[in-house]
Number of protein chains: 2
Amino acid sequence: MVETSTVDPWHALADPTRREVFARVARGQGSVTEIARDLPVSRPAVSQHLRVLLDARLVDVRRQGRERLYQPRLSGLDGLRRELDSYWNQTLSTFKDVAEQAYEPTAAPPEGAP
Amino acid sequence: MVETSTVDPWHALADPTRREVFARVARGQGSVTEIARDLPVSRPAVSQHLRVLLDARLVDVRRQGRERLYQPRLSGLDGLRRELDSYWNQTLSTFKDVAEQAYEPTAAPPEGAP
DNA sequence: GCCATGCGTAAGTAGTAACTTACGCATGGT
DNA sequence: ACCATGCGTAAGTTACTACTTACGCATGGC
């Protein structure tokens with residue numbers, strides 16, 4: 001097993017605690033113990049959150065002596081950015097359609113599922 | 001009560017089904033029944049998802065005859081964009097810090113929590 | 001006035017997931 | 001060789017949440 005299973009980045013960042021863990025890592029690399037010190041949860045909980053963030057490709061690890069240093073990763077964020085941009089543009093486009101429809105309520109403007 | 005309670009947009013888009021509901025609405029306004037037709041869940045389920053999306057300021061409603069037309073809303077997306085951008089920039093910055101640290105392992109570069 | 005359409009909400013249920021404590025393995029210093 | 005530090009994982013519990021069916025209210029056409 002090469003660990004092909006992946007995790008939805010949306011799901012990974014949905015949990016407030018886990019998002020704080022990621023925010024902390026994004027701010028600067030750190031060990032599990034360091035990260036857990038700033039948070040109101042136990043160290044194992046942080047470990048489990050980091051596991052999910054790893055599977056979502058939002059963070060990376062590397063050993064340094066006894067510590068495991070976590071740092072943020074662009075790969076997971078990239079997909080989110082693209083998807084969010086798509087929603088943004090579609091929203092603007094739908095605004096236009098609705099506005100046009102307001103002037104010609106009889107004609108049928110482009111809908112999501114014609 | 002003026003419904004001040006709000007919902008975390010991250011949480012709102014974390015559920016796959018709810019994200020599909022939003023994607024459908026973003027693609028073009030539609031009634032609940034129309035939206036539910038494309039999805040493998042019941043109409044009440046879609047209603048409940050739309051309620052969450054409303055509370056997250058990701059969609060808007062307006063009555064038109066007997067129907068309630070849902071359309072996407074920028075307000076909820078905007079916060080997500082800003083937060084995501086922040087993570088993106090912090091990640092780039094942390095990359096730089098880690099790279100610099102690799103050349104001078106003795107000095108202490110800027111960390112998240114000094 | 002009456003029936004059909006469209007929709008929100010209530011109630012109940014099953015699955016998930018976030019946390020805790022306990023444990024075990026590896027690394028580094030002495 | 002030994003102990004301390006750092007961490008991941010297992011097991012168990014509790015809380016949440018996404019879904020279903022059933023119901024009730026409003027709007028529009030006849």
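The values are calculated or read from the model by the stated rules, or taken from the named source; none is laboratory data. In this text, all values refer to a predicted model and were calculated from it rather than measured experimentally. Using ideal geometry, Cβ is built from the backbone for each residue, glycine included, and neighbour counts are taken over all protein chains shown. Just the protein is used for accessible areas: all its heavy atoms, side chains included, with ligands, DNA and RNA removed. Shrake-Rupley method; radii C 1.70, N 1.55, O 1.52, S 1.80 Å.
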remark   = Filter the range A:29-48 for residues that are within 14 Å of chain B (Cβ to nearest Cβ) and either hydroxyl-bearing (Ser, Thr, Tyr) or in contact (Cβ under 8 Å) with a residue 40 or more places away in the chain (or both); the one that is farthest from DNA strand D (Cβ to nearest atom) is A:Gln29
ask   = Would you call A:Arg68 closer than 18 Å to B:Thr91 by Cβ and modelled with pLDDT of 95 or more?
value = no
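Matching residues to (1) modelled with pLDDT of 95 or more; (2) exposed (fewer than 14 other Cβ atoms within 10 Å of the Cβ); (3) basic (Lys, Arg); (4) within 22 Å of A:Glu100 (Cβ to Cβ):
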{"position": "B:Ser5", "(1), (2), (3), (4)": "no, yes, no, no"}
{"position": "B:Pro9", "(1), (2), (3), (4)": "yes, no, no, no"}
{"position": "B:Thr17", "(1), (2), (3), (4)": "yes, yes, no, no"}
{"position": "B:Gln29", "(1), (2), (3), (4)": "yes, no, no, yes"}
{"position": "B:Leu53", "(1), (2), (3), (4)": "yes, no, no, no"}
{"position": "B:Arg57", "(1), (2), (3), (4)": "yes, no, yes, no"}
{"position": "B:Asp60", "(1), (2), (3), (4)": "yes, no, no, yes"}
{"position": "B:Trp88", "(1), (2), (3), (4)": "yes, no, no, no"}
{"position": "B:Ala113", "(1), (2), (3), (4)": "no, yes, no, no"}
inquiry  = Of the residues B:Leu69, B:Leu84, B:Leu80, only one is within 16 Å of DNA strand D (Cβ to nearest atom) and open to solvent by less than 40 Å² (accessible area, probe 1.4 Å); which?
reply    = B:Leu69
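Working only within the range B:60-80, note down all residues that are near DNA strand C (Cβ under 10 Å from one of its atoms) and under 19 Å from the mean Cα position of the chain (by Cα). Outline the logic, then answer.
First, the residues of the range B:60-80 that are near DNA strand C (Cβ under 10 Å from one of its atoms): B:61, B:63-70.
Within the range B:60-80, B:Val61, B:Tyr70 qualify.
Anything in the range B:9-27 that is at the interface with chain A (Cβ under 8 Å from one of its Cβ atoms), near DNA strand D (Cβ under 10 Å from one of its atoms) and in contact with a helix residue (DSSP H, G or I) (Cβ under 7 Å, 6 or more places away or on another chain)? List them, or say none.
At the first step, the residues of the range B:9-27 found to be at the interface with chain A (Cβ under 8 Å from one of its Cβ atoms) are B:10-11, B:13-14, B:16, B:19, B:22-27.
Then drop every residue that is not near DNA strand D (Cβ under 10 Å from one of its atoms), which leaves B:11, B:14, B:16.
Once the filter is applied, which keeps residues that are at the interface with chain A (Cβ under 8 Å from one of its Cβ atoms), near DNA strand D (Cβ under 10 Å from one of its atoms) and in contact with a helix residue (DSSP H, G or I) (Cβ under 7 Å, 6 or more places away or on another chain), the range B:9-27 yields B:His11, B:Ala14.
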Tabulated pairs, the range A:58-73, first assigned to a loop (DSSP other than H, G, I, E, B), second among the basic types (Lys, Arg), C-beta under 7 angstrom, 6+ apart or interchain = A:Leu58/A:Arg73; A:Arg73/A:Arg57
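Please determine whether any residue of the range B:28-37 is more than 10 Å from DNA strand C (Cβ to nearest atom) and in a helix (DSSP H, G or I). So that I can check it myself, show each step before the final result.
If we filter the range B:28-37 for residues that are more than 10 Å from DNA strand C (Cβ to nearest atom), which is where we start, we get B:28-29.
Going one step further and asking which of them are in a helix (DSSP H, G or I), we end up with none.
For the range B:28-37, residues more than 10 Å from DNA strand C (Cβ to nearest atom) and in a helix (DSSP H, G or I): absent.
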